[in-house]
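Peer 1: This is the structure I want to talk about, given as structure tokens.
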Amino acid sequence: MFSQNGLSLDQAPPISVVFRFFLSGSLFGLLAGTLICLFGTDIFNPDTTQALIITHTLTLGVMLSFMFAALFQMLPVIAGVKLTAPIQKANLVQYPFILGVLSLLFAFHSGKPPFFISASILLGSAILGIAFVMLKNLIALPNHSNSSRGMSVALTSLVVLTLLALYMTGTLAGLWEGSYYTQIKTAHYSFGLFGWIALLIISISFQVIEMFYVTPPYPAFISKSLPQRVFGLLLLGTIGSFFFEKTWMVIDLFIIIFMLCYALMTLRRLSQRKRPIADATVWLWRLGMGLLVLSMAATLDTRFYDLASLKALNYIFFAGFALSIVLAMFYKIVPFLTWFHLNSQGYFTAPMMHEVIHPKTAMKHLYIHIATLIAFAVSVFVPATIYLAGILTLLSFGWMLWQIIHAWKLYVYTQKTGEKFEMNIA
């Protein structure tokens with residue numbers, strides 16, 4: 001991704017497009033930290049409104065914001081997709097998306113139908129609109145890589161996920177009876193965690209792990225078909241659940257096996273990298289894969305032991321997996337984009353990547369992130385620790401927010417005061 005082979009400023013979106021989604025994701029992260037301090041350990045009880053609010057703050061406000069940033073940046077780079085008018089498209093997505101997330105959170109809090117209706121319109125139009133545009137461009141590609149095929153599957157899962165969500169919000173708004181609400185809710189949960197979040201991370205990693213860390217490629221049985229197999233299983237589980245109550249128990253077992261194979265293979269590939277230095281991003285990938293293994297083990301155990309503490313730990317492990325990979329990508333993308341755009345504009349005074357975000361700064365964030373995860377895990381057994389976890393969440397996303405602001409200020413400062421190469425043509 002970060003080599004310049006086939007990458008030009010015409011292909012890459014303006015830096016503001018990517019940074020704005022990082023910014024909104026960090027702000028939603030600060031909101032999540034605040035809500036954790038207010039809600040306490042109620043967030044671990046899936047039957048509470050508090051759990052519903054914090055889950056969607058993280059999955060929609062934080063994760064989807066960062067994933068939009070990654071898609072706007074990586075579709076041109078990894079897949080060769082050129083999104084026309086990226087600033088206008090980002091505007092059409094981000095503003096209704098932010099308002100839609102806030103409307104949904106208010107809807108969960110108040111239970112009032114108008115909030116559910118407004119959330120449905122805003123989120124449905126924003127998410128489905130950009131997903132269809134990206135899918136259209138991906139499908140039109142003459143040649144696909146394993147990553148581009150996987151991203152197509154992940155975006156298709158996002159479309160299915162959103163349609164399932166609209167059925168649920170419509171039911172909660174009283175627009176229809178919602179006879180299949182329970183089955184749709186389970187499918188929504190599965191498509192959200194595995195079809196969208198996990199599959200997008202997996203698809204991006206097929207190219208990113210090899211390029212960033214100079215590792216052997218993933219074996220074909222994973223890179224060529226794993227996203228398609230997981231998506232097929234999710235569809236089978238969704239359809240089968242209408243007829244057989246135990247369908248998801250069987251489907252989940254296969255998904256667990258696939259996720260474990262992927263996580264262990266990624267850890268193996270990271271151990272085979274040709275660059276011996278392990279920076280914060282390597283450790284974040286390792287941490288994320290380790291947490292995915294723990295999450296899958298906990299998912300399997302909950303089939304036999306219906307323990308609230310085990311379910312809470314599973315929640316923490318999967319969230320930790322996703323956020324660890326987000327941080328790993330963040331600390332690669334932000335320094336590179338700052339340098340790349342300034343260098344492409346001809347500034348020979350463009351700051352080097354380590355001057356945008358120093359490796360020690362990223363390493364400090366790794367320690368904060370680990371401490372946050374430990375505090376959450378301890379709070380399952382020592383409830384008072386949840387407030388420490390909330391404070392550390394605020395610190396973690398505040399730290400990220402500052403890196404974005406610092407990189408943007410450095411970018412603007414260089415544009416104002418930097419010196420450019422002069423091309424003297426005789």
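We did not get these values from a lab; they are worked out from the coordinates using the rules stated. The shown structure was predicted, so the numbers you read here are calculated from the model rather than taken from an experiment. Cβ placement follows ideal geometry from the backbone for every residue including glycine, while neighbour counts extend to all protein chains displayed.
Peer 1: Once phi is turned into ³J(HN,Hα) by the Karplus curve 6.51 cos²θ - 1.76 cosθ + 1.60 with θ = phi - 60°, what whole-Hz value does each residue of segment 406-412 show in order, with x for glycine and proline?
Peer 2: 4, 5, 5, 4, 5, 5, 5
Peer 1: Same structure, new question: Rg and Dmax in Å for segment 32-86, alpha carbons only: what are they?
Peer 2: My reading of the Cα-based Rg and Dmax gives 16.3, 45 Å.
Peer 1: Quick one: order 293, 378 by neighbouring beta-carbon count within 10 Å, fewest to most.
Peer 2: Placing the least packed residue first, the sequence is 378, 293.
Peer 1: How much of the calculated P(r) for the chain lies past 38 Å, in percent of all Cα pairs? Show your work: numbers first, answer last.
Peer 2: Values: 16011 of 90525 pairs.
Taking all Cα-Cα pairs of the chain, the fraction more than 38 Å apart is 18 percent.
Peer 1: Rounded to a whole number, what is D in µm²/s for segment 72-121 from Stokes-Einstein with the Kirkwood radius over alpha-carbon pairs (25 °C, 0.890 mPa s)?
Peer 2: 196 µm²/s
Peer 1: To continue, here is another question. At 0.36 nm per residue, minus the direct Cα-Cα distance, what do residue 221 and residue 412 gain on full extension? Give it in nm, one decimal, please.
Peer 2: 64.2 nm
Peer 1: Step through the residues of segment 33-44 one at a time and calculate ³J(HN,Hα) from phi using the Karplus curve (6.51 cos²θ - 1.76 cosθ + 1.60, θ = phi - 60°), rounding each to whole Hz and writing x for Gly and Pro.
Peer 2: After applying 6.51 cos²θ - 1.76 cosθ + 1.60, I find x, 5, 5, 4, 5, 7, 8, x, 6, 4, 5, 8 Hz.
Peer 1: Given R₀ = 22 Å, what would the calculated FRET efficiency be for residue 45 paired with residue 109, taking r from the Cβ atoms and rounding to 0.05? Could the numbers behind the result be given before it?
Peer 2: Numbers: r = 16 Å, r/R0 = 0.72.
Approximately 0.85, to the nearest 0.05.
Peer 1: Then there's this: What dipole magnitude, in Debye to the nearest 20, does the chain give about its Cα centre under +1 on Lys/Arg Cβ and -1 on Asp/Glu Cβ?
Peer 2: Dipole size: approximately 720 debye.
Peer 1: Set the bar at 22 Å for Cα to Cα. Now go through 89/409; 224/332; 274/332; 89/185; 89/416; 82/136 and name every pair that lies beyond it.
Peer 2: 89/409; 224/332; 89/185; 89/416
Peer 1: So, one more: What ranking do 43, 368 get, fewest neighbouring Cβ atoms within 10 angstrom at the top? Present the calculation step by step, with values, prior to reporting the outcome.
Peer 2: On the way: 43 27, 368 18.
So the residues, fewest neighbours to most, are 368, 43.
Peer 1: Let me ask something else. I need the phi-derived Karplus couplings for segment 136-150: 6.51 cos²θ - 1.76 cosθ + 1.60, θ = phi - 60°, integer Hz, Gly and Pro marked x.
Peer 2: For segment 136-150, the Karplus-derived couplings read 4, 5, 5, 5, 6, 5, x, 10, 10, 8, 4, 5, 5, 5, x Hz, x marking Gly and Pro.
Peer 1: Which three lengths, in whole Å and largest first, does segment 313-426 cover when its Cα atoms are put on their principal axes?
Peer 2: Cα extents, longest axis first: 74, 21, 18 Å.
Peer 1: Determine the sum of side-chain charges near residue 285: Lys and Arg each +1, Asp and Glu each -1, restricted to other residues whose C-beta is under 15 angstrom from that of residue 285.
Peer 2: Values: positive: 268, 269, 273, 275, 286, 332; negative: 210, 279.
Here the count lands on +4.
Peer 1: Per the Cauchy relation, a quarter of the hull surface: what is the mean projected area of the convex hull of the alpha carbons in segment 102-226, in nm²? The partial results should precede the final answer.
Peer 2: On the way: hull surface 37.1 nm².
Averaged projected hull area, Cα only: 9.3 nm².
Peer 1: Let me ask something else about it. Mind jotting down a quarter of the surface of the convex hull over the alpha carbons of segment 227-382, in square nanometres, one decimal?
Peer 2: Details: hull surface 49.5 nm².
Mean orientational projected area (segment 227-382, Cα hull): 12.4 nm².
Peer 1: Continuing with the same structure: Just to verify a number: FRET efficiency for residue 181 and residue 421, C-beta to C-beta distance, R0 = 45 Å, to 0.05? All intermediate terms of the calculation are to be shown ahead of the outcome.
Peer 2: On the way: r = 62 Å, r/R0 = 1.37.
With a Förster radius of 45 Å, E is 0.15.
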